[in-house]
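The values are calculated or read from the model by the stated rules, or taken from the named source; none is laboratory data. Quick caveat, the model's predicted, so the values are computed rather than measured. Neighbour counts are summed over all protein chains in view; Cβ atoms, including those assigned to glycine, are modelled from backbone coordinates with ideal geometry. In case anyone asks, the SASA skips ligands and DNA or RNA and just uses the protein heavy atoms, side chains included. Shrake-Rupley method; radii C 1.70, N 1.55, O 1.52, S 1.80 Å.
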Amino acid sequence: IIGIGKETVPAEEGDFSWYQGLKIALFDVSDPEKPKLIDKLVIGDRGTDSPVLRDHKALLFDAERGIMVLPVLLAEIDEDAYGGEVPPYVEGDFVWQGALVLRVSVEDGIEVMGNITHVEDPDFFKRLGHYCPDSPYFIDRALYIGDVLYTVSDALVLMSDLWTLAELGRVYLL
C-alpha cells in the first residue's frame, strides 16, 4: 500500500501535531494484522502541497512499470534564518512547482527519478514568499502513452521521455 499525506511533528502542548512536508509511505501489508513501513519520502517543508491530497485523479501510478508521478508545490524553510532550530509551526517559502517523478518498488522502496516543471520564469517564486497564487503553468495532471510522459497544465502540454525525463516536445495551450 502507498500512503500520501503530510509528515507531522507533535506540538509541545501535546494535544495536536504540526503538519510538515508532503509524505509518501510504502507499506508491506502481506500480514494485514502487522503492516510494516518499507520506506518513506518526505518532500519539502511545512507548506508543501499536492493536489493529490484532495483529488485522486492528480496521481499517476503504474505498478507494473514502478512509476509514480504527482504534482507538487514545494515549500522550503531557510534554516539559517532560525539559527538551526526551526520551530515546527514555521511555513516555508514556495520555491518550485511541477511533477515529481518517482520509481516505487517493494524491493528498492521510493526513489526520486527527477522532476518536470512548466514554470519558465526563474524569479516567479522569489516574488511570492508564503503566498502562492495559482498559475496556468502549474502542472495538475500527468499521463503516459508508450514511453512518453505528458505533463499537463492549463498553459502547456510537455512531452518527456518516461525514463530519462528528457524533453521531447511541447504544445502551448494559451
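By the scheme Lys and Arg +1, Asp and Glu -1, what is the net charge of all other residues having a beta-carbon under 10 Å from that of ALA58? So the surrounding residues net to +1.
At 1.4 Å probe radius, can you tell me the per residue accessible area of the stretch 123-174 in Å²? Accessible area per residue, the stretch 123-174: 58 Å². With coordinates expressed along the principal axes, the C-alpha atoms belonging to the stretch 28-148 extend over 45, 37, 23 Å, beginning with the largest. If you roll a 1.4 angstrom probe over the protein chains with everything in place, what fraction of the accessible area of the chain belongs to carbon and sulfur, to the nearest %? Summing carbon and sulfur atoms, their accessible area is 52 percent of the total for the chain. Distance from the alpha carbon centroid of the stretch 99-133 to that of the stretch 1-66 works out to 16 angstrom. Identify all lysines with a Cα-Cα distance to LYS40 below 28 Å; exclude those on the same chain that are fewer than 8 residues away in sequence. Correct list for LYS40: LYS6, LYS23, LYS57.
What does the charge add up to near ILE116, with Lys and Arg as +1, Asp and Glu as -1, over the other residues with Cβ less than 13 Å from its Cβ? Mind showing how you got there, number by number?
On the way: positive: ARG141, ARG170; negative: GLU120, ASP140, ASP161, GLU167.
With Lys, Arg at +1 and Asp, Glu at -1, the net is -2.
Farthest toward the positive end of the dipole of the chain, out of ALA99, LEU26, ALA155, is the Cα of ALA155, where the dipole comes from beta carbon charges about the Cα centre.
The local environment of ILE139, defined by Cβ-Cβ distances under 14 Å, has a net charge of -4 under the rule Lys, Arg +1 and Asp, Glu -1. Using only side-chain charges placed at the Cβ, +1 for Lys and Arg and -1 for Asp and Glu, the dipole size of the stretch 91-158 relative to its Cα centre rounds to 80 debye. 5 Å is the cut-off here: which amide hydrogens, built 1.01 Å from N in the peptide plane, fall below it relative to MET113, excluding neighbours closer than 5 in sequence? Correct list: VAL101, LEU102, ARG103.
Entry comment: accessible area of the stretch 17-84 is 57 Å² per residue, from protein heavy atoms only and a probe of 1.4 Å.
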